[in-house]
Every structure is written in C-alpha cells, then in structure tokens.
Amino acid sequence: LAITGWRKGEVLSLRWDAVDFAMGGALLERTKTGRSLRALSPDALALLQEIPQRGPWVFPSPDDPTEHRQEVKRVWNRVRRVAGLDKPLHSLRHTAATIALSEGVPLATVGALLGHRNPATTLRYAKTEHEKARGAAAVLGAAIAKATAPAGVTPMNRKAKHK
C-alpha cells in the first residue's frame, strides 16, 4: 500500500495473473474507477517476487486460500502502535501521492499511479502544490524586481531627464 498508493481493496484483491513483471505493472480488472493498468516500481515488483505463489491471489485469505484477504486492520493497528502513528490505513495512499508530487512527478502521472480518471480527484492529494506555487511566485517576483530595478529605469509617469 505504501509504495503503490493503491486502495486497500486493489492491493488485497490482486491476482497473480494480473501482475506482469516484464512490463512492470498490473492490470486491475475491478477498481473504483473500472479497469485500470497500473505501473509498479522496481521495489514493489521485488517485494512481489518474494511472496510465494500459493493460488490465484497475491494475498490469500488465511481462512480460505481460494478467496483473497479482506481486511488488514489488526496488522495495521500493530504497525501504527509500534511506529507511534495515529493515522488510518488510507493515509498511506495520501502519503504516496504527496511524496510523488513533492518529487516533481506531474499531477496527471500521479493520478495514473493512483487510478484516478479525473485530475481534480488527484488535486485533493496535492498539498505540496500550493507550497511549490508560493515558491514559484517568489522566484517570479524576484526576477521581475531584478529586471525592473533602478538601473536607469524611468517611471512611466515622469519624463526622462536628458543630459
């Protein structure tokens, strides 16, 4: 979840036949937004290669291996306790999106990683975009101030004095 930004249900219902190691991705048949082709990082692919394939599901149910795991609340609560976190599991998705955006990944690309069809949906995760915009505004303002600094610049409402 942390390194993909996928929804919990997308990860837990992942089938081995959906993963294409050579292509570096997975074809998710059923997601909130329909069928979705998702890229996977080399780290995610390496983790997947470490998981033994014991049936069709990457994460089979501990009670019935013919079904996929439905929930990870107990595991997540344990992780939260050990790490001292007070965040819901879905915060991993927000964190993945925020990190990708802060690393300069374009908004549309982050949306594709998350399986968003509408860029406005991805924009909810773009907390860092405002900070980037403020930084860009400062750079622009400084450049304009430098370009118009008093080095012989005559204000437009006064006539230039010729020597």
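In region 31-62, how many residues are over 19 Å from Leu1 (Cβ atoms), surrounded by 13 or more Cβ atoms within 10 Å (Cβ to Cβ) and out of contact with any helix residue (DSSP H, G or I) (no Cβ under 7 Å at 6 or more places or on another chain)? Outline the logic, then answer.
Start the filter on region 31-62 by keeping residues that are over 19 Å from Leu1 (Cβ atoms), which leaves 34-35, 52-56.
With the extra rule that they be surrounded by 13 or more Cβ atoms within 10 Å (Cβ to Cβ), the set shrinks to 55-56.
Narrowing further to those that are out of contact with any helix residue (DSSP H, G or I) (no Cβ under 7 Å at 6 or more places or on another chain): 55.
Matching residues across region 31-62 total 1.
Right, Glu50: among the acidic types (Asp, Glu) and touching a Leu at 6+ places or on another chain (Cβ under 6 Å) or not? Quick ask: steps written out before the conclusion?
On the way: among the acidic types (Asp, Glu): yes; touching a Leu at 6+ places or on another chain (Cβ under 6 Å): no.
It is false that Glu50 is among the acidic types (Asp, Glu) and touching a Leu at 6+ places or on another chain (Cβ under 6 Å).
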Hey, can you tell me all the residues within region 41-65 that are in contact with a Gly (Cβ under 7 Å, 6 or more places away or on another chain) and modelled with pLDDT under 95? Pro65
Only listed residue being in contact with an Asp or Glu (Cβ under 6 Å, 6 or more places away or on another chain) and open to solvent by less than 90 Å² (accessible area, probe 1.4 Å), chosen from Leu12, Leu28: Leu28
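Can Leu85 be described as under 21 Å from His116 (Cβ atoms) and either open to solvent by 30 Å² or more (accessible area, probe 1.4 Å) or at pLDDT 90 or above (or both)?
Values: under 21 Å from His116 (Cβ atoms): no; either open to solvent by 30 Å² or more (accessible area, probe 1.4 Å) or at pLDDT 90 or above (or both): yes.
No.
If the requirement is being under 30 Å from Arg15 (Cβ atoms), in a helix (DSSP H, G or I), open to solvent by less than 80 Å² (accessible area, probe 1.4 Å) and modelled with pLDDT under 85, which of these qualifies: Thr121, Thr109? Walk me through it before giving the result.
Details: Thr109 fails: modelled with pLDDT under 85.
Within the list Thr121, Thr109, the selection yields Thr121.
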Check region 63-73 and report whether any residue there is among the charged types (D, E, K, R), open to solvent by 70 Å² or more (accessible area, probe 1.4 Å) and under 30 Å from Ala136 (Cβ atoms). no
With respect to Leu1, determine if the residue is open to solvent by 40 Å² or more (accessible area, probe 1.4 Å), free of Cβ contacts under 8 Å to residues at least 24 places away in the same chain and touching a Lys or Arg at 6+ places or on another chain (Cβ under 8 Å). no
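The values are calculated or read from the model by the stated rules, or taken from the named source; none is laboratory data. Bear in mind the structure is a predicted one, so any value in this text is a computation, not a measurement. Please note: Cβ atoms are built from the backbone with ideal geometry, for glycine as well, and neighbour counts cover all protein chains shown. Areas reflect the complete protein model, heavy atoms only, side chains present, ligands, DNA and RNA absent. Shrake-Rupley method; radii C 1.70, N 1.55, O 1.52, S 1.80 Å.
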